[in-house]
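The values are calculated or read from the model by the stated rules, or taken from the named source; none is laboratory data. Remember, predicted model here, so these are calculated numbers, not experimental data. A quick note on method: Cβ atoms are made from the backbone with ideal geometry, for glycine too, and the neighbour counts reach across all protein chains shown. Just the protein is used for accessible areas: all its heavy atoms, side chains included, with ligands, DNA and RNA removed. Shrake-Rupley method; radii C 1.70, N 1.55, O 1.52, S 1.80 Å.
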Amino acid sequence: MGKQYKSLTDSDREFIKKQKLFYIASCSGKEVNLSPKGYDSIKVIDENALAFLSYSGSGNRTYSDAMNDGEFTLVFNAFEGAAKILRLFCKAKAVETKSEKFYEYVELFGQKEGVVRDFFEFSVYAVESSCGLSVPYMDYKGDRNELRDWAVSMDEKGKLREYDEKHFAPADLTNI
């Protein structure tokens, strides 16, 4: 049923592109953070690398865990078609606005520069696929646009960076 290997296959890459929902699990302290993610916010760069676009919103545990050398697991599963679960075991590196690579990712994702909080590069060291036979069929009805609309509105008002500074999760998780 399940198998583990070192790099994404072409089939895995196509599977990831088709998913409307995925999960990021991360940990660098006592707690494991698990967040569902949507939009067109993940891109496969090559067989061992992905880029993730992070919008402003709640805290930024992804950033904190990346800065504290945490472990990450990305999970993709089929809600339609053939059953499948794909887990990517990774390390993450934040790509902040000061970086030249940030602007390359803004272009890759077709985003407005001020709306994106940061990007993450996931370096995949293991891939695991399993059957996913217990995952239900579900119909995709569309994206919830509230987060993007809110980020665009805050950026247009010149208040998004201020919001990020006030609501940003600290990189130091030793007190959790």
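Structure values in brief
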item	result
FRET efficiency for Glu104 and Glu14, using Cβ-Cβ distance with R0 set to 22 Å, rounded to 0.05	0.40
Summed side-chain charge close to Phe89 - residues other than Phe89 whose Cβ falls under 12 Å, Lys, Arg +1, Asp, Glu -1	+1
Sulfur and carbon atoms: percent of accessible area, region 45-176 [1.4 Å]	50
Residues of region 39-75 with amide N under 19 Å of the 7 Å Cα→Cβ point at Lys157	55-59
Theoretical gain in end-to-end length, Phe89 to Tyr5 [0.36 nm per residue, Cα-Cα removed]	29.2 nm
Debye, to nearest 20: dipole size of region 59-176, +1 on Lys, Arg Cβ, -1 on Asp, Glu Cβ	180
Max mean-square fluctuation residue, GNM over the chain, Cα-Cα springs under 10 Å, options Ser11, Ser123, Ser64	Ser11
Cα convex hull volume per residue for region 59-176 (Å³)	154
Projected area averaged over orientations for region 1-70, convex hull of C-alpha atoms, nm²	5.9
For a label point 7 Å along the Cα-to-beta-carbon line of Lys166, residues of region 46-71 with backbone N under 15 Å	57-59
Farthest toward positive dipole pole in the chain [+1 Lys/Arg, -1 Asp/Glu at C-beta], among Ala92, Leu21, Thr62	Leu21
Inter-part distance where region 28-70 and region 111-161 are each reduced to a Cα centre, Å	9
Cα convex hull volume per residue for region 53-123 (Å³)	120
Cα centre as origin, Lys/Arg/Asp/Glu Cβ charges: region 34-89 dipole, Debye	180
